[in-house]
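Below is one structure, written out as structure tokens; the observations come after it.
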Amino acid sequence: MSKQGGQCDWCGVELEEDQGYRLLWPDKSLGTAFCRLEHIVPFLMQKDQWHIWKGVEIPADAPKVSTSSGDELGENALYLVHHRGEHRIPDSFEGKEELLEWAKAGGHFAP
């Protein structure tokens, strides 16, 4: 068994701790990992099979409101953390549908 978040849950490529995205669902102690933002879209649309991860917590510096809408987060919030070298860049979402639409639009790189 590979380490938690050690491979992309869409394509299976191995991930180092300092690369990729970790999608966290603290309320359910679930997580997934991706090598690219684009892999979140087919995963949520076709597979949507999360893993039980130990120690899933809300990232300390995660936005307190939704990244895409600015709305308040509920108990079922999701957190997408981009691992970029030594940096951890968190985004917050009200739920899977909101995250899916944000990722489809290109995330932070949307036109």
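No value in this document is a laboratory result; all are computed from the given coordinates. Since the structure is predicted, the reported quantities are computational estimates derived from the model, not experimental observations. Every residue, glycine as well, gets a Cβ built from its backbone with ideal geometry; the counts of neighbours run over all protein chains shown.
Here's the yes/no breakdown for (1) surrounded by 14 or more Cβ atoms within 10 Å (Cβ to Cβ); (2) out of contact with any Ser or Thr (no Cβ under 6 Å at 6 or more places or on another chain):
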{"residue": "Asp27", "(1), (2)": "no, yes"}
{"residue": "Ala33", "(1), (2)": "yes, yes"}
{"residue": "Trp50", "(1), (2)": "yes, no"}
{"residue": "Trp53", "(1), (2)": "yes, yes"}
{"residue": "Ala62", "(1), (2)": "yes, no"}
{"residue": "Thr67", "(1), (2)": "yes, no"}
{"residue": "Leu73", "(1), (2)": "yes, no"}
### Task
Just need a number here: residues in region 59-102 that are in contact (Cβ under 8 Å) with a residue 40 or more places away in the chain, under 14 Å from Arg22 (Cβ atoms) and not hydroxyl-bearing (Ser, Thr, Tyr).
7
### Query
Here are Trp10, Trp25: which of them is more than 11 Å from the chain's Cα centre (by Cα) and aromatic (Phe, Trp, Tyr)?
Trp10
### Message
Among the residues of region 71-85, are any under 13 Å from the mean Cα position of the chain (by Cα) and among the polar types (S, T, N, Q)?
### Response
no
#### Entry: Qualifying strands (runs of 3 or more DSSP E) (wholly inside the chain; at least 1 residues being among the acidic types (Asp, Glu))
87-93
